[in-house]
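Worksheet: the structure to be examined is printed underneath.
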Amino acid sequence: MTFENILVENSQLVTTITINRPQKLNALNKATIAELSQALSHCKSDSNTRAIILTGSGEKSFVAGADISEFSSFNAEQGAELAAVGQSSLFDLAENLNKPIIAAVNGFALGGGLELAMSCHIRIASSHAKLGLPEVTLGLIPGYGGTQRLSQLVGRGKANEMIFSAGMLSAADALQWGLVNHVVESSELMNKAMELALKIAGNSPMAIAAAIRSVNAGFQAQRPGFSAEIKEFGELFGTADFKEGVGAFLEKRKPQF
């Protein structure tokens, strides 16, 4: 498989997928989401893959967010479709994949970037990483399951604080909050991720897949929340706040809500 926006490498039963849009701080656009979906779908049935590491190119950014220029002119219907298609084709696919995915967060993980990391099964962050959901500054809410998975990981109160304030967490705070599993120096990030991936790869693939299904089953009762998020996310595209928030972002100014 050849891709334009990601790099894929396999070694010792571990597949490493690198989002490779450094000029855009690895921001997620439709093409990148489609390529990630294709790569993960291949890993699902690939006998040479028992664990997956997902990271971003360079040391500055894991994924800095969604490519806002792609949806700045969307209406409510298009916004809801954007959320629904992305969630089902990538974020839900990742969460329910039969192979564990380790997110190696090598820098900024904001908006869609943090939502992608949260859809992975394990998160390891470099010590300089920053994590946040700034969507309310755009007149939106976190999409792609962000409101739901953040609440599951850190609890409702901390999720509310993080979403409402649009603040960024340091890697150390993210570890304390339970948002990431480990924090290491940048130079050790991929080594730590590979060490854990190799440990997983040595265990029973069938048992690991069953464990993923079993752990995820405990959260299935909350699935209506994902549908509510898509509905609310889409409706915000028809508001004046969305137009002001996205316009201010593209014009590099502070929004006036």
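One table, with the values for the structure above:
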quantity: Filtered residues of the range 25-55 (kept if under 16 Å from the mean Cα position of the chain (by Cα) and either over 15 Å from residue 90 (Cβ atoms) or aromatic (Phe, Trp, Tyr) (or both)); calculated: 25, 53, 55
quantity: Test: residue in the range 178-199 that is in a helix (DSSP H, G or I) and more than 24 Å from residue 60 (Cα to Cα); calculated: yes
quantity: The range 200-226, subset under 20 Å from residue 151 (Cα atoms) and part of a loop (DSSP other than H, G, I, E, B), residue modelled with the highest pLDDT; calculated: 218
quantity: Residue match in the range 213-222 (condition: in contact with a Pro (Cβ under 8 Å, 6 or more places away or on another chain) and within 26 Å of residue 85 (Cβ to Cβ)); calculated: no
quantity: The range 92-117 - residue that is open to solvent by less than 10 Å² (accessible area, probe 1.4 Å), in a helix (DSSP H, G or I) and hydrophobic (A, V, I, L, M, F, W, C) and, of those, farthest from residue 137 (Cα to Cα); calculated: 94
quantity: Residue check for residue 84: at negative phi, aliphatic (A, V, I, L, M) and either open to solvent by less than 10 Å² (accessible area, probe 1.4 Å) or in a strand (DSSP E or B) (or both); calculated: no
quantity: One residue from 72, 47, 89 being polar (S, T, N, Q) and part of a helix (DSSP H, G or I); calculated: 89
quantity: Number of the exception - residue 73 against (1) farther than 24 Å from residue 192 by Cα; (2) open to solvent by less than 80 Å² (accessible area, probe 1.4 Å); (3) of a type outside the set (Lys, Arg); calculated: (2)
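The values are calculated or read from the model by the stated rules, or taken from the named source; none is laboratory data. Note that the structure is predicted; figures quoted are calculated from it, not measured. So basically every Cβ, Gly included, is an ideal-geometry build from the backbone, and we count neighbours across all protein chains shown. To get the accessible areas, we keep the full protein, side chains included, count just its heavy atoms, and leave off ligands, DNA and RNA. Shrake-Rupley method; radii C 1.70, N 1.55, O 1.52, S 1.80 Å.
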